[in-house]
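Asks: Mind having a look at this structure? Questions to follow.
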Amino acid sequence: MMKQWQVAKRILPLLAVFSLLLSACGREDLSAMKPQGPVAQDQLDLMKLSIAIMIVVLIIVFAIAAYVLIRFRRRAGQTEMPEQVEGNFKLEVIWTAIPLLLVIILAVPTVQTIFAHGEDLTNDKNAVKVQVTSHQYWWEFTYPQYDITTAQDLIIPTGKKIAFELKTADVLHSFWVPSLAGKMDTNPDGTLNKFSFSAPNEGVYRGKCAELCGRSHAFMEFKVKAVSQESFDRWVNAMKAPAVLPEDTQLAEKFKTNCLSCHAVGDQGGPAAPNLTGIGGKEAVAGILLNQREGQEEGKPVLDNMKEWLHDPQSVKEGNTMPSPKSLGLTDEEIDGIAEYLANYKLDYE
Amino acid sequence: MAHAHSVKRYRGLMDWITTVDHKKIAVLYLIAGGFFFGIGGIEAILIRIQLMKPMNTFVSAQVFNELITMHGTTMIFLGVMPIIFAIMNAVVPLQIGARDVAFPFVNALGFWTFLFGGLLLNLSWVMGGAPDAGWTAYTPLSSAAYSESHGVDFYTIGLQIAGLGTLIGGINFLATIITMRAPGMSYMRMPMFTWTTFITSAIILFAFPAITVGLVLLTFDRILGANFFDVANGGNPVLWQHIFWIFGHPEVYILILPAFGIISEVIPTFSRKRLFGYSSMVFATILIAFLGFMVWAHHMFTTGLGNVANALFSISTMLIAVPTGIKIFNWLFTMWGGQIRFTAANLFAVGFVPTFVMGGVTGVMLASAPADFQFHDTYFVVAHFHYVIVGGLVLGLFAGLHYWWPKMFGRILSETLGKWTFWTFMIGFQLTFFVQHFLGLMGMQRRIVTYLPNQDFDLLNLVSSIGAFLMGVGVIIFLINIVITTRKPVDAPNDPWEDGRTLEWTIPSPPPEYNFKQTPLVRGIDAYWKEKMAGNKEMTPAEPVGSIHMPSATPLPFVMSVGIFIAGLGLMFSKDKFELEFMNIIFNNYIVVIIGLLITFGAMALRSLYDDHGWHIEPEDQDEKGART
């Protein structure tokens, strides 16, 4: 009895350290261990259950191993032969039955959660529908209920369920916002994936592409911005408002001919490249160059980032399909002018 | 009695190219596998240098993608598998009391196709870009539209040729173990390593055809313009994932079961006890192999197969924990009540047990589909499968190599250096991969060339890289150990560990060309141990001394493989435009392919038409000394 307590005393601090380690890991807007929504919370609960079971298994195995290795070392002068044991039916049944039991304990909530999260909400009237289309190397978000399209920053109202429909325009990608929910692949037409999550609290959450998709796979990041219902409604209206073009007519003409053949602002331009409406107010330029914002240490002024991107898109995101503005015949001054215009193009909704 | 054939004996390099002796082929596998393992290791170190700090620019994104693809592909197909085959070739015929494998010629062919496939794959580094779509080569990223260099062609064709060798090898071991066991060795008296080789070979037989088909389809898509995986033309990229993983998951068991076998030999020997629960070990192995084919879709939970599929594959995956658990406890209770000696080989074996358990429990965690939505494609998964493949298989291989080295080469590896290898490698391994569990949970996805600072990734990545260097040091110490040992005289006794239990320890180290002068009679499990306990010095023979039939050495397997290699290269470049018109003519008209195939089929015809009866070693030429020094 005394001995067992000794073992437990040694294991308890280990458990405490481990759970501390788990809960203290990572950023709130990024870590799967600091869930910010019910889906991620359920997933973390499952992880905690499985980790608890697994730690019990580890402790038992490690304890037996340690005991055996210390107790049954071959000592000097030991010549007698150990008894050649064939096996032990009872013991073997025990260590077949116990793992089976542990597996059942984990399997039941696993199956429950699979079906709970797997509900198709795309026909739910209360849910906000979002069609996610992944591209090498950016994210497109379409809201069919409001007839608007945006890119890179996914704006959602807090508390509402967001019903996603995922697809890809080229290779496979995977849509992942660790602090809100696990990932889901974006497949080509025909095998569309659906899933949903919600964010109860306002905030900006970091999203990533989790499936190797080419050279700039690492740079295919996006943000999920949860705002209040009022802000969200204002954002929708602002998105639908007519386009704001550069005041300088000459620059506006350059912008139209060079940029709007692929990009869109408001009601103008094309859908082939990320929608630029309100680009100056986004969390990052090109998804990866973080913009300065309040309460955040990192990030550069949006104008700097915009210039860095426009002067050499390939150095920021290797292999992306945007032609270098220089190769389109824009001068440095014109590029700076467009950068300044885009950096100041913000939607007032927060 | 004997045919009076004159024997063609080759010397030097030609001896190695023409050999059909399973012991020499084992050495060839070991050298080639070690070479590729080194390349894969260097790739790993480069990856870890790149990820040492945030926003590092040590390599470009393109090169990084090539490095991760080649690291995975090389380690799985060209690094650890051949070393497994080396040990199987060196040990299995000896353990079952056979004079060679069932098909020595085919055995040599298996090695040479593997080698030329591996060389072809690695030629990509110097011939215009390595494959860059990940070792899983998911379409459409691996299609000609998105991976424009020849990289993925090297992958499909190189692996096809190398895979041929593996399939051949697997079939050969099946035939060998089924037909060539010594009298008295029933299935339930076979040593555990032979058992796992047998089951592994069966998995190879069923799993490799899947990847073969997959690679053919992808080759057709890329080179001949087919549309198996192209949605726009009625194909489906998810199909590739199914084909790949219905091979890929059993592949994990192809890797780990032999390690289980090695551990089941080393632990009893150095505990001086028979394996605890032998029959449950056998059935656990069979069950693992069976379940291994049932769980492929757990790699595809996030692909979107639906709730029912996810639920079923979750449960079937978790079930694998049960037979694996049986094995773990059986090993622990083999040591219970024994007299454990901590030789280098046994250090690796006892180190294997807890490390593999770590990899196993994270496997069960991954099996829970909703949780896997968070784990999948992150460093958590990277940590998990490295715990299984490095912490399981590579530790197992080190244990096996230290254990059987004296049998293979007649020299015992330095115990001191072996222990240094163990501690540096083990500590380095834990440093590298333990922290990666947390990186994954904190949001670091796998296969990323770099990461932004201030995401709490920096310190753990640094720790991981330092660990990787330490693992490198461990491997270098092992190489030094080999070099030093090779310079020592051949003096290992038949049974260098003194507690050998199986048949390989009854014959000289290294064994003579014919292994057993007289086939032994097996009277129980752990045949040699049983004789020793009965007070006998050696096995009772099952036959009188007589003339021993040997297969002839031949360069044909080598030639056949060269032919396939040439045909592969020719197919790959059949659509290219060269500056030299001559090159255009021979490549674009498939002339190179035809030449390559003619060489292969010519060699096959020669093999079929020329009747080679082999030769005999007469009793007066059968000396007890090892044939090789």
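Asks: Pop a pseudo-label 7 angstrom from the Cα along the beta-carbon direction at both A:V244 and B:S186 and give the gap in nm to one decimal.
Replies: Computed distance between label sites A:V244 and B:S186 equals 8.7 nm.
Asks: Using a 1.4 Å probe and ignoring any ligands, DNA or RNA, find the accessible area of B:I320 and quote it in Å² to the nearest 10.
Replies: Solvent-accessible area, nearest 10 Å²: 10 Å².
Asks: Right, something else. Quick check on chain B: helices-only [θ] at 222 nm, where DSSP H runs of length 4 and up contribute -39,500 (n - 2.57) each and the sum goes over total residues. Nearest 500, please.
Replies: -21000 deg cm²/dmol
Asks: Please grab the % of Cα pairs in chain B that end up more than 41 Å from each other.
Replies: Tail of the P(r) past 41 Å holds 26 percent of the pairs.
Asks: Continuing with this model, one more query. Taking 60 Å as R0, compute the FRET efficiency from the Cβ-Cβ separation of B:V308 and B:L462 and round it to 0.05.
Replies: Once the sixth-power term is evaluated, E becomes 0.85.
Asks: Within chain B, which DSSP H helices have Cα atoms that stretch 27 Å or more along the helix axis and a mean Kyte-Doolittle hydropathy of at least -0.5?
Replies: TM-like helix candidates: B:22-50, B:104-123, B:151-179, B:192-223, B:237-271, B:344-367, B:415-441, B:458-486.
Asks: If you place +1 on the Cβ of every Lys and Arg and -1 on the Cβ of every Asp and Glu, how big does the dipole about the Cα centre of region B:13-134 come out, in debye to the nearest 20?
Replies: With Lys and Arg at +1 and Asp and Glu at -1, about 220 debye.
Asks: What are the chymotrypsin sites (Phe, Trp or Tyr not before Pro) within region B:515-601 that DSSP puts in a loop, where the Cβ has at most 16 other Cβ atoms within 10 Å?
Replies: Loop-located and lightly packed - B:F578, B:Y590.
Asks: Hey, got the average number of other protein chain Cβ atoms within 10 angstrom for residues in A:173-179?
Replies: Counting Cβ atoms of other protein chains within 10 Å of each residue's Cβ and averaging gives 4.
Asks: Pairs to check: B:K407/B:K517; A:K125/A:K317; A:K183/B:K327. Give those whose C-alpha atoms are more than 28 Å from each other in this structure.
Replies: A:K125/A:K317; A:K183/B:K327
Asks: In addition: What percent of all Cα-Cα pairs in the protein assembly as shown falls into each 10 Å bin, going from 0 up to the bin containing the maximum distance?
Replies: 2, 11, 19, 22, 19, 13, 8, 4, 2, 0, 0
Asks: To continue, here is another question. When only the heavy atoms of the protein chains count and the probe is 1.4 Å, how do B:D458, A:D348, A:D153 rank by accessible area, highest first?
Replies: Output order, biggest surface exposure first: A:D348, B:D458, A:D153.
Asks: Just grab the label-to-label distance for A:K256 and A:Q78, each label 7 Å out from Cα along the Cβ direction, in nm (one decimal).
Replies: 9.1
Asks: Would you list the membrane-span-like helices of chain A, meaning whole DSSP H runs whose alpha-carbon atoms span at least 24 Å along their axis and whose mean Kyte-Doolittle value is at least 1.6?
Replies: Going by DSSP H runs, the hits are A:38-71, A:89-117.
Asks: Rounded to the nearest 500 deg cm²/dmol, what is the calculated helix-only ellipticity per residue at 222 nm for chain A, with -39500 (n - 2.57) per DSSP H run of length n ≥ 4?
Replies: Here the helix-only value at 222 nm equals -13000 deg cm²/dmol.
Asks: Would you compute, for the Cα atoms of region B:341-451, the largest minus smallest coordinate along each principal axis and list the three values in descending order, in whole Å?
Replies: 51, 28, 21
Asks: Another question about this same structure. May I ask for the net charge around A:K208, where only other residues with Cβ less than 9 Å from the Cβ of A:K208 are counted and Lys, Arg are +1 while Asp, Glu are -1?
Replies: +1
Asks: Further question on the same structure: Using only protein heavy atoms and a 1.4 Å probe, report how much of B:W16 is accessible, in Å² to the nearest 10.
Replies: It works out to around 80 Å².
Asks: Provide the FRET efficiency to the nearest 0.05 for the B:D611-B:A175 pair, computing r from the beta carbons and using R0 = 22 Å.
Replies: Result of the calculation: an efficiency of 0.55.
Asks: Kirkwood Rh over alpha-carbon pairs of region A:301-345, then Stokes-Einstein at 20 °C and 1.002 mPa s: what D in µm² s⁻¹, rounded to an integer?
Replies: The diffusion coefficient I find is 202 µm²/s.
Asks: Using a 10 Å cut-off around each Cβ of peptide B:349-355, what is the average number of partner chain Cβ atoms that fall inside?
Replies: Mean inter-chain Cβ contacts per residue within 10 Å come to 2.
Asks: For the protein assembly as shown, with the dipole built from +1 on Lys and Arg beta-carbon atoms and -1 on Asp and Glu ones, taken about the Cα centre, which of B:N330, B:V475, B:F37 lies farthest toward the positive end?
Replies: Result: B:N330.
Asks: Please compute the modelled spin-label separation between B:T540 and B:L224, points set 7 Å along Cα→Cβ, answer in nm with one decimal.
Replies: 6.0
Asks: Same structure, new question: In what sequence, largest accessible area first, do B:E618, B:E43, A:E92 appear using a 1.4 Å probe?
Replies: Reading off the accessible areas and sorting them downward yields B:E618, A:E92, B:E43.
Asks: Now for a separate question. Using only Cα atoms, what Kirkwood radius does chain A have, in angstroms?
Replies: One decimal place: 23.9 Å for the Kirkwood radius.
Asks: Using Cα-Cα distances under 8 Å and only pairs 6 or more residues apart, what relative contact order does chain A have, in percent?
Replies: Over chain A, the number comes to 14 percent.
Asks: When the solvent-accessible surface of protein heavy atoms is calculated with a 1.4 angstrom probe, in what order do A:D267, B:D15 fall, highest first?
Replies: Accessible-area ranking of A:D267, B:D15, largest first: A:D267, B:D15.
Asks: Using 0.36 nm per residue of separation minus the Cα-Cα distance, give me the extension gain between B:A145 and B:N588 in nm, one decimal.
Replies: That works out to 157.4 nm of additional length.
Asks: Between A:M81, B:H549, B:V390, whose Cα lies farthest towards the positive end of the dipole of the protein assembly as shown when Lys and Arg beta carbons carry +1 and Asp and Glu beta carbons carry -1, centred on the Cα centre?
Replies: With unit charges placed on the Cβ atoms, the residue in question is A:M81.
Asks: Hey, another quick one. Any chance you could check the Cα centroid distance between region A:139-160 and region A:193-259 for me, in angstrom?
Replies: 8
The values are calculated or read from the model by the stated rules, or taken from the named source; none is laboratory data. Owing to the predicted nature of the structure, the values given are computational and were not obtained by experimental measurement. Virtual Cβ from ideal backbone geometry, glycine too; neighbours counted across all protein chains shown. Calculation scope for accessible area: heavy atoms of the full protein, side chains included, ligands and nucleic acids excluded. Shrake-Rupley method; radii C 1.70, N 1.55, O 1.52, S 1.80 Å.
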